[in-house]
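Everything below concerns the one structure shown next.
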Amino acid sequence: MSILGLGSAYRYQLFESWYVKGALEMGYYNDKVTYKETGEETLSKSNSGLAYAFGISTGYQLSQRWSLEGGVKYIKLDENKYGDFDFSKASNTYFGAVFSF
């Protein structure tokens, strides 16, 4: 799956080095899946449409450009169903180093 989009984030400083951040993103996605249902031929299906995402995170500023950040992101796709499976909603947690320029 590929997603191309734009987003905006707001960062609020809690203490000198700690912050929280909220982000909204919107984009366009395109994907293709090949699958086989029991006893049937191989099927291929493509989906595309709008993707919406919301994220919230917290972080610790290590220096002027580097911070450690962790959070959760929720994404909603217009339609992304294959057979009995619905992939139109997802969420993930993350933790990593962030470089700001």
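Laboratory data are not the source of any read-out in this text; all were calculated from the coordinates shown. Because the structure is a prediction, the values reported are computed rather than measured. Heads up, the Cβs are rebuilt from the backbone with ideal geometry, glycines too, and the neighbour counts pull from every protein chain shown.
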For the chain, with the dipole built from +1 on Lys and Arg beta-carbon atoms and -1 on Asp and Glu ones, taken about the Cα centre, which of G22, F99, L62 lies farthest toward the positive end?
L62
Give me D for the chain in µm² s⁻¹, whole number, from Stokes-Einstein with Rh from the Kirkwood sum over alpha-carbon pairs, 10 °C and 1.306 mPa s.
100
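Counting pairs of alpha carbon atoms under 8 Å apart in space and at least six apart in sequence, what relative contact order in percent does the chain give? Working shown, then result.
Working: 219 pairs, mean separation 21.8, N = 101.
It comes to 22 percent, rounded to a whole number.
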Between W18 and T93, what is the spin-label point distance in nm, taking each point 7 Å from the Cα along the Cα→C-beta axis?
1.8
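What FRET efficiency do you get for R65 and S8 if R0 is 22 Å and r is their Cβ-Cβ distance, rounded to the nearest 0.05? Mind showing how you got there, number by number?
Working: r = 21 Å, r/R0 = 0.93.
That gives a FRET efficiency of 0.60.
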Choose one answer from S46, S63, S91: the residue with the largest mean-square fluctuation in a GNM of the chain with alpha-carbon springs under 10 Å.
S63
Note, ³J(HN,Hα) from phi for region 91-96, Karplus 6.51, -1.76, 1.60, rounded to Hz, x at Gly and Pro
9, 8, 10, 8, 8, x
